[in-house]
Amino acid sequence: MARRDTPPQEPEQEEDRGPLEIALVGDLTDNAAELTDRILSIEPGGECTIYFDSPGGSPYCAMSLVGLLRLRGISATAVVTGECSSAALWPFAACRQRYVTPYSVFLFHPMKWQSEEHIGIREAAEWSRHFAELEREMDVLLVDLFGREADRINEWIRTHRYVTGREMAKAGLAELVELAPLPHLAKRP
């Protein structure tokens, strides 16, 4: 019979660790599988904190992340540590709480598409029709996710506008924080 000199340690409780933290860094498309897996690891109705530093990526990837957050009822907190542009705006807007720093940067622009494959004229025409419809729907969704400032957001998109963290906070789309520990994100005792 083995003797233990130290009592067995109890497994760390989920609530002791706090919400799962996810880094959304780089192109969404390149990280889609990992981001999806991380979000799926959160219990439905659970919480997470997503740190953003992304230039965007595929609008389909963005919509998938929004769908996972919303359909699973995940309460996400966004923290933009660098850039949150283009397609990354949709998952950012889907977060329950949004924090930005004075140095955070956002690029709003109309959707762009490109094809690196050789396609026929009919397929290109259908893709163009589909893409125009998708762009309209996603612009409406972005405004709905933010819940305000439709005219301002639409103007930013139309003019390909770079927006600062201060401007996002002034528009009421996020809370401005300084580069100091956020008490609710600090490690719990």
Neighbour count of at most 15 Cβ within 10 Å plus DSSP loop: longest GluC sites (Glu not before Pro)-free window in the chain: 13-115
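Near Val143, within a Cβ-to-Cβ distance under 15 Å, what is the net charge of the other residues, with Lys and Arg +1 and Asp and Glu -1?
Residues close to Val143 contribute a combined charge of -1.
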Cut-off 12 Å between beta-carbons: net charge of the residues surrounding Ala132, Lys and Arg +1, Asp and Glu -1: -3
Gain in span if fully extended, Arg148 to Thr29, counting 0.36 nm per residue against the direct Cα distance: 40.1 nm
FRET efficiency estimate (nearest 0.05) - Cβ-Cβ, Ser75 to Tyr162, R0 25 angstrom: 0.30
Stretch gain in nm, segment Leu182-Glu137, where the contour uses 0.36 nm per residue and the Cα spacing is subtracted: 12.7 nm
Contact order normalised by residue count of the chain, Cα under 8 Å, 6+ apart, percent: 19
For Leu176, Leu182, order by how many other beta-carbon atoms lie within 10 Å, fewest first: Leu182, Leu176
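The numbers here are math on the coordinates, done by the rules we state, and not lab data. From a predicted model like this one, the values you see are computed outputs, not experimental measurements. Methodologically, a virtual Cβ is constructed for each residue, glycine included, from the backbone with ideal geometry; neighbour enumeration extends over all protein chains shown.
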